[in-house]
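These notes are about the structure you will find just below.
Coordinate-derived values only; no laboratory data. Remember, predicted model here, so these are calculated numbers, not experimental data. Glycine gets a Cβ as well: all are built from the backbone with ideal geometry, and neighbour counts include every protein chain shown.
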Amino acid sequence: MDLPALNAELEARSARERLAWAVATYGDKLLFTSSFGPGSGVLLHLWSEVAGGLPVHFIDTGFLFEQTIAYRDEVVKKLGLRLEVLKPQMEKGRFLEKYGLTLYRDDPDQCCAINKVEPLEAALPGKLAWVSGLRRDQSKTRAETPILLSTDGPLKVHPLADWSARDVYRYLEQNGVPEHPMFEEGYVSVGCAPCTRPVMPGEDERAGRWAGSAKTECGLHTFLKAKG
Ligand code: SF4
């Protein structure tokens, strides 16, 4: 695969065309994950139209807002999606017994590794590509996100890489896709409850995640090493 040429070609295509290309190329070897956060509705809506019933994977860390679970169920029903829930290997009670109530604060990288990255890793064997909703305008650390990224695991596919937040919210409105119920309260990015606060005017979209610490990513999008 000539990745630079393919990336150049896909840059000129719509998000729907990029996603359709990934589905046609990889079929059931394509993994799609969604956090069912603010803005997630765009890719979920496109997926419902082009993926031919392939599932949406959702990582339930056990620390999510109840509004996220309710939003997930609402969108799954409205769009007729097939949901597959990925859970940590260590059941929540056992996790709290072993690590206590504050691992998210004392060692958030380990907390994310156990509750987010490991469940994803368990879903990767046999998958050749992985679709997610990363966008360049979400934060400085995502500013160089390509449409396709070759890694030491599956090819990462980012159909919305060049979309702005404005594009996202316009799409949701025009297509009648509901938005996450916490969005109007300033939560423009929503992860686990202990590690998410609303975003202040002028801040990056992801500034409310692990605020006050140097951490900017949970690890889902950094544990695979980029190649080339
Ligand atoms: S986002 Fe916070 S609570 Fe969730 S897995 Fe990571 S550190 Fe733990």
field: Charged-residue dipole, Cβ positions (Lys, Arg, Asp, Glu), the stretch 3-195 about Cα centre, Debye nearest 20
entry: 240 debye
- request: Nearest 5 is fine: what % of DSSP beta bridges in the stretch 3-195 come out antiparallel, could you say?
  value: 20 percent
task: Write down the radius of gyration of the stretch 108-174 and its Dmax, each obtained from C-alpha positions, in Å.
output: 14.1, 40
task: Mind giving me the nanometre distance, one decimal, between the label points for S164 and E185, set 7 Å out from Cα along Cα→Cβ?
output: 2.9 nm
- line: Checked the stretch 101-223 against the a/c 1.5 cut and the a/b vs b/c comparison, axes a ≥ b ≥ c from its Cα gyration tensor; verdict oblate
- request: Quickly work out the E9-to-M90 label distance, labels modelled 7 Å from Cα along the C-beta direction, and quote it in nm with one decimal.
  value: 4.5 nm
- prompt: GluC sites (Glu not before Pro), restricted to the stretch 1-94: which are DSSP loop and have at most 12 other Cβ atoms within 10 Å?
  reply: E91
task: For the stretch 159-228, run through the trypsin sites (Lys or Arg not before Pro) and keep only the ones in DSSP coil with at most 13 other Cβ atoms within 10 Å of their Cβ.
output: K225, K227
task: For n ≥ 4 DSSP H runs only, could you compute -39500 (n - 2.57) per run for the chain, divide by its residues and tell me the 222 nm figure to the nearest 500?
output: -9500 deg cm²/dmol
Three-way shape call for the chain based on the alpha-carbon gyration tensor, with the a/c threshold at 1.5: rounded
query: In what sequence do S34, S213, S40, S139 fall when counting other Cβ within 10 Å, fewest first?
result: S213, S139, S34, S40
message: If I stretch the segment between L124 and K225 completely, what's the gain in nm (0.36 nm per residue apart, minus their alpha carbon distance), one decimal?
response: 34.9 nm
Cα-based Lys proximity count in the chain, under 12 Å, for pairs eight or more positions apart or on separate chains: 5
message: Give me the extension gain from R16 to E97: residue separation times 0.36 nm, minus the current Cα-Cα distance, reported in nm with one decimal.
response: 24.7 nm
message: Using a Förster radius of 35 Å, what is the FRET efficiency between E217 and Q174 based on their Cβ-Cβ separation? Nearest 0.05, please.
response: 0.70
message: So for the stretch 3-195, averaging the separation of alpha carbon pairs under 8 Å that are six or more residues apart and normalising by length, what relative contact order in percent results?
response: 30 percent
Cleavage-rule hits, GluC sites (Glu not before Pro), the stretch 125-211, DSSP coil, Cβ neighbours within 10 Å at most 10: E144
